[in-house]
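Everything below concerns the one structure shown next.
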Amino acid sequence: MKIRYIKYWAFAAVLGMGTVSCEDFLNRPTEDNYNESNFYQNDEQCVQGVNYLYNSPWYDFQRGFIKVGEILSGNVYEGNSPYLNFTVNGTDENLVNMSYSLWAVIGHANTVYTRLKTANASEAVKNQCMGECLAWKAMAYFYLVRSFGAEPINHNLHYFYLPVRNTKWKQQMCTNISL
């Protein structure tokens, strides 16, 4: 009976020491992947950093845009769709995802634009890539305003990490915009 308790405590001690000894092992930087500190080091990486703005963040917007543009106009028939009956409300999943997708494009464009400012690339490529970021950001704002009305123009990265962007915040931002 005594040996059983000794084995139990020895196992618990080994397990406890094993979990404490991994701290420096887990906090090592990655060596085989890109991260913020080792990307945007040349012209090619700057161009690659902007390329994803052309596709990934726009996915949910495209699904909602087809419903808004095509079903509401009568070009596509989807049975008893609220878009066909003009009974869509603001909690419709496709409209919400469409809005979130456009805000995601703006957030991604802001992030890439900020990272490009400190890139180790030629000035011509940095200007080209920063211009592409601003063009996609402008396109997202165009569709936001066209689809949902007045929206705040924001260049602050921390704004996009707020849990809720309510109408009071939106009105406050719209009145404080100075171009």
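Tabulated values for the structure
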item: Residues that are assigned to a helix (DSSP H, G or I), surrounded by fewer than 17 Cβ atoms within 10 Å (Cβ to Cβ) and aliphatic (A, V, I, L, M), drawn from the range 140-158; result: V145, L157
item: Answer from V125, V68 - the residue that is part of a helix (DSSP H, G or I) and modelled with pLDDT of 85 or more; result: V125
item: Neighbours by Cβ (under 7 Å, 6+ apart or cross-chain): first from the range 53-68, in contact (Cβ under 8 Å) with a residue 60 or more places away in the chain and over 24 Å from T87 (Cα atoms); second in a helix (DSSP H, G or I) and among the small types (G, A, S); result: L53/A109
item: Hits in the range 105-139 - residues which are surrounded by fewer than 19 Cβ atoms within 10 Å (Cβ to Cβ), more than 12 Å from D43 (Cα to Cα) and of a type in the set (A, V, I, L, M); result: L134, A135, A138, M139
item: Qualifying residues in the range 146-177 (those that are under 14 Å from V105 (Cα atoms) and hydrophobic (A, V, I, L, M, F, W, C)) - the one modelled with the highest pLDDT; result: I153
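The values are calculated or read from the model by the stated rules, or taken from the named source; none is laboratory data. All of these numbers come straight from a predicted model, not from anything done at the bench. No Cβ is skipped: glycine too gets one built from the backbone with ideal geometry, and neighbour counts run over all protein chains shown.
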